[in-house]
Amino acid sequence: MIRKFWNVHERNWDELIDFFLYALRESKHDSTQFSPFELLMGKKFSGPHFLQRSSWENNGLAEHELRTTSTAKYMQELTRKLQIVRAEAVQNDKR
């Protein structure tokens, strides 16, 4: 995928690489069935468009949840999600 990107954009790859990496990191990979972002962060990718839409649809609920969740609770939940995602990724990679 990277080689194809470079071949198509030989002259300006350096101007576009950030957008390419953004797309690559949020895309689900066939071998693990997760995106690299999801494996690293333990949650689905929430880009700017997703967050804006979520805010409109839920009347600012996302912002409220971010303000009211304690750091310790967030870290516990993140650790739990990372353990689940890692276990599933390992199983998917064995297939």
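For residue 21, the conditions (1) under 18 Å from residue 92 (Cα atoms); (2) assigned to a helix (DSSP H, G or I) are fulfilled apart from (1). Every test in (1) of a type in the set (Gly, Ala, Ser); (2) surrounded by fewer than 11 Cβ atoms within 10 Å (Cβ to Cβ); (3) at pLDDT below 80 is passed by residue 87 save one, and that test is (3).
Which count do you get for residues in the range 29-45 that are touching a helix residue (DSSP H, G or I) at 6+ places or on another chain (Cβ under 8 Å) and in a loop (DSSP other than H, G, I, E, B)? Total satisfying the criteria: 10. Of the residues examined, residue 77 is one that is more than 16 Å from the chain's Cα centre (by Cα), surrounded by 13 or more Cβ atoms within 10 Å (Cβ to Cβ) and either at pLDDT 70 or above or among the basic types (Lys, Arg) (or both).
Of these, 60, 47, which one is of a type in the set (Gly, Ala, Ser) and at pLDDT 70 or above?
Values: 60 fails: at pLDDT 70 or above.
When all the criteria are applied, what remains is 47.
The values are calculated or read from the model by the stated rules, or taken from the named source; none is laboratory data. Source: prediction; values computed, not measured. FYI the Cβ positions are ideal-geometry reconstructions off the backbone, even for glycines, and counts take in every protein chain you see.
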